[in-house]
Amino acid sequence: MAKRIDVSGLNAYYGSFLAIEDISMTVEPRSVTAFIGPSGCGKSTFLRTLNRMHEVTPGGRVEGKVMLDDENLYGAGIDPVAVRREVGMVFQRPNPFPTMSVYDNVAAGLRLNGKYKKSQLDDVVEKSLRGANLWNEVKDRLNKPGSGLSGGQQQRLCIARAIAVEPNVLLMDEPCSALDPISTLAIEDLIGELKERFTIVIVTHNMQQAARVSDRTAFFNLAAVGQPGKLIEIDDTERIFSNPSVQATEDYISGRFG
Amino acid sequence: MDITTQKPAAPPAPGPAAPEDKRAARGATRPGDRIFLGLSRGSGIFVLVLMAAIAAFLTYRASLAISKDEANFFTSFEWNPTGVPPEFGIAVLAFGTIVSSIIAMVIAVPISVGIALFITHYAPRRLGGTVAYVIDLLAAVPSIVYGLWGAIVLVPHMDGLYGWLDDYLGWTGVFAWEGGPARSLLTVGILLALMILPIITNVSREVFRQVPRMHEEAALALGATRWEVIRMSVLPFGRSGVISASMLGLGRALGETMAVAMVLSPSFDISASLLDAGGGTFAQNIASKFNEATVMGQDALIASGMVLFVITLLVNGAARLIIARRKEYSGANA
Amino acid sequence: MSHATLSPKRSSLRGATLPKWFAWAVAAGSLALGYGISAAAGLHSDIQWALIAAVLFVVGSYAVSAKVEGGRQARDRTATSLVWVAFLLAVTPLASLLWETAERGVKVLDGYFLTHSMGVVADAEPGGGIYHALLGTLEQVGLASLISVPVGVLTAIYLVEYGRGKLARAVTFFVDVMTGIPSIVAGLFILSLWVLILKMGPSGFAGSLALSILMIPVVVRSTEEMLKLVPNELREASLALGVPKWRTILKVVLPTSIGGIITGIMLAIARITGETAPVLLLVWGTDFINANPFQDPQESLPMYIYLQFGAGSDPAYDRAWAAALTLIAFIMILNLAARGIARWKAPKTGR
């Protein structure tokens, strides 16, 4: 079910501004890959090219190839809506649908894809909430608005919503940056469990987090403000944090800039 | 509550050595401040008095008329305030006002929401911007111009549609048409719809534009089509805004005078058909009957104006209530 | 469906998608078909064939899309076509309104028209102009502004800078109520006060009073919004320097927000310039020049349009359109200028 991502020669633009240039990398299935780098280096932009969310920003445009197993996401005749069903996403700030209950939030993706029996929906909602380690906290308030949960719970609700449609890949854009340390810990544990089933890509500002949760780490950087962001290197997390092959990576990790 | 009464217990003046302290402590009572506060509070009070006066005068004159009315003011189909005995009632006017406003709302609200979505979510950006700007300006076109256009351009164009409605839906009675110029409540409703469309569109557009990006992205990331994004995040978020915009439009439709007076060919009866000329609205009736009215006639018109006033008050109040109640669900706090 | 895994067909990311030109093709097809059907059925009205074409467009694109792309895509397409249809449905008459006014209006609109009154011109004769109406409109709107601007701005200052407690809440509430007063009711009020109780005759000033009732709440609302945009730090900075409150308001708060306030006032003026109903009740209208707004009936532009429309002859219609064009032009210029000022003098808050 989890799929391999193979990116080659990818450029992304905002209007005429080249935001990231010539990125190639492979993301292995059933692993966690972390993107790190200074602000504005294009790691979030790159993440959003992996489920064709980049092009919904006005002026957003992408060149290059993103292979999901053997299918190019940017090939002719590919339906971006179908892509986003296969490649789920969790955002920086928890964004449950404010007018929907906890239950409806989790079921939202399924309801888009057709009619299901109530019992089937119930099963999936429970399974997804359990998968997001949230079931025990919300099972008595499934019909309360999702926006009434705490920040950390909301974020796990968003994860439950994303995994309910059984995507192949789960993208996470700084999922813990708006959360307190305890909620962060809960999400990190969850990521460890989810990688058994999904290919996970996570953008993070927090290098300890990258070191804790990821199997591989990619370091992005930009030459100067206004220049496009580039992939500096990608390697096993252990290597990146102990013995990176590029000087800039070491400088960044040891806190000399960024 | 006001500044002047907050005068702190003036510290015993330590003599001429410290004039600065004294001035600072009594800042609120210096003449400049007092005059300025007086002026601005006076204006506020003036507004209050004005409203009270409006209510009082209208009630007084209306009561003069109603007390002499020999017919039932609410149910009579007559309008003969100068007759002996005077007989008049607002049933026809209330019917016409409400029916034409309902027609206007039924047409204008969905179309306005459509245009607002068109501007914010469908149109290419430049086209959307231009359309938004033009619609904004159209909101400023005075009703007299709508009336002129409605009476001279729209009315003749309605004939074909009327014939059609009569052919296919005439059996319902509501859409039966005897022929004759299309100066009926339906045409009035359509014209009112056009007039309130810019207002509803503008407000709805603003609300849709304020939908937090992250709610839309949440839907997109689940693999929602554009319509599903709108249904899941844009419409729920914008609902209260659209309702208040519609109420604003309804308020204008209820009170519209000139456009109705120019298009409608009035008569004092209620017809089952919306297509046949006839009927009337509160505002239109005041404008067209006013010229020949005596003092008693004017009082009767004032009484009908009073009813219109109360109806618009109720509509505006309802709008505010709906907004207040909806707020907790709107997610505006996100 | 025996097991509970809910995976829809995930064979491919490719849905069958219709090409980009599909929507245009359906649109063109339904226009042609709509026109054809109307021609065949002998329908004369353009409203009819446009409606037929619109229905054909929505139904056609749904049907084809449902067959090729599947239900969800088809619903998405239907929403798109409905939105486009809504746009066209509304834009066509509104464009017609502007177009007809411009086209018919320029016929008699010239220097003569702007500088002459109706004087002794009979209804059915060509000639005459709107000089008396322009004069009346300027005087009535000017007087109304003279009353409303100080009252409105001062009320807003009271609400934002001083207002706490019951009085302020009452004022806010009644300003809200006033915003919803229909113009004819405002006219009736002044009528009952001015004409029936004070026994005064019709005059431009009576009209100005009614226009003020309509204008004051608009000015209060917009000024209030603008004053609220002024950051509190500015006020505190000035007060901390020992500047008295009234001078802080005059020298710091008002200058910061003056652009927005002027914009609001101009939009309010634009709104009352087109009001007809109160003028009809209180100023009556006349064909002659009356420069004195305090005595005897006066004309105003909207009133002129109404009277010419009522006259019912072709030359009178031409005059009505020309006056309508003048009125729209006047209001549009006010609107555009107001926006210009708003952009130029946008309050420099935060950021």
Checklist entry - So which residue, out of B:I286, B:I115, B:I144, gets the largest mean-square fluctuation from a GNM of chain B using Cα contacts under 10 Å as springs? => result B:I144
Next on the checklist: From Cα pairs below 8 angstrom and at least 6 apart in sequence, can you work out the relative contact order of chain B, rounded to a whole percent?
Outcome noted: 23 percent
Checklist entry - Using a ≥ b ≥ c from the Cα gyration tensor of chain B (square roots of the eigenvalues), is it rounded, prolate or oblate, where a/c under 1.5 gives rounded and otherwise the larger of a/b and b/c decides, a/b for prolate? => result oblate
Checklist entry - In segment B:134-240, which GluC sites (Glu not before Pro) fall in coil by DSSP and have 15 or fewer other Cβ atoms within 10 Å? => result B:E178
Item to check | Summed residue charge, Cβ within 11 Å of A:Q209's Cβ, Lys/Arg positive, Asp/Glu negative | outcome: -1
Checklist outcome for this item: Net charge near C:L97 (other residues with Cβ under 13 Å of its Cβ; Lys, Arg +1; Asp, Glu -1) is -1
Item to check | Peptide B:158-170, shielding by other chains (average Cβ, 10 Å cutoff) | outcome: 3
Checklist entry - Among rounded, prolate and oblate, which fits chain C when a ≥ b ≥ c are the square roots of the eigenvalues of its C-alpha gyration tensor, a/c under 1.5 means rounded, and a/b larger than b/c means prolate? => result oblate
Checklist entry - If one takes the longest principal axis of the Cα atoms in chain B, at what angle in degrees, from 0 to 90 and to the nearest 10, does the Cα axis of helix B:295-330 lie? => result 70 degrees
Next on the checklist: Over chain C, with a Gaussian network built from C-alpha contacts below 10 Å, which listed residue (C:L250, C:L159, C:L229) shows the highest mean-square fluctuation?
Outcome noted: C:L250
Checklist entry - On a 0 to 90 degree scale, rounded to 10, what angle separates helix A:151-164 from the longest Cα axis of chain A? => result 90 degrees
Checklist entry - For labels at B:I270 and C:L336 in the simple 7 Å Cα→Cβ model, what's the distance in nm? => result 4.9 nm
Item to check | Spin-label pair A:Y14/B:R213, simplified geometry with 7 Å Cα→Cβ offset, distance in nm | outcome: 0.8 nm
Item to check | Average partner coverage of A:83-91, which counts Cβ from other chains inside 10 Å | outcome: 4
Checklist entry - Tally Lys/Arg at +1 and Asp/Glu at -1 over every other residue whose Cβ is under 11 Å from the Cβ of B:S76; what's the total? => result -4
Checklist entry - When a footprinting reagent is the concern and you count Cβ atoms within 10 Å, what order do B:F88, C:F22, A:F97 take, fewest first? => result C:F22, A:F97, B:F88
Item to check | Order of A:K43, A:K115 - criterion: other Cβ atoms within 10 Å of each residue's Cβ, fewest first | outcome: A:K115, A:K43
Checklist entry - Which whole number gives the average, over all residues in C:209-217, of C-beta atoms from other chains lying within 10 Å of the residue C-beta? => result 1
Checklist entry - If you find the alpha carbon centre of segment B:213-244 and of segment B:177-202, how far apart are they in angstrom? => result 31 Å
Item to check | Paramagnetic reach from B:A293 (point 7 Å along Cα→Cβ, amide N under 13 Å) across segment C:180-224 | outcome: C:184-193, C:195-196
Checklist entry - What aspartates and glutamates could a cross-link reach from C:K107, if we take a straight Cα to Cα line under 18 Å and drop same-chain neighbours fewer than 8 places away? => result C:D123, C:E125, C:D314, C:D318
Checklist entry - In this model, which of C:K166/C:K199; B:K68/B:K289; A:K127/A:K195; A:K3/A:K43; A:K43/A:K144 are farther than 26 Å apart at the alpha-carbon? => result C:K166/C:K199; A:K43/A:K144
Checklist entry - Relative contact order for segment B:189-265: what is it in percent, counting Cα pairs under 8 Å that are at least 6 residues apart? => result 47 percent
Item to check | Near-label residues of segment C:220-260 by backbone N, under 17 Å of a point 7 Å along Cα→Cβ of C:T179 | outcome: C:220-229
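Bear in mind that the values in this text are calculations on the coordinates, not laboratory data. The model shown is predicted, which means the values in this text are computed figures rather than measured ones. All Cβ positions, glycine included, derive from the backbone under ideal geometry; neighbour counts span all protein chains shown.
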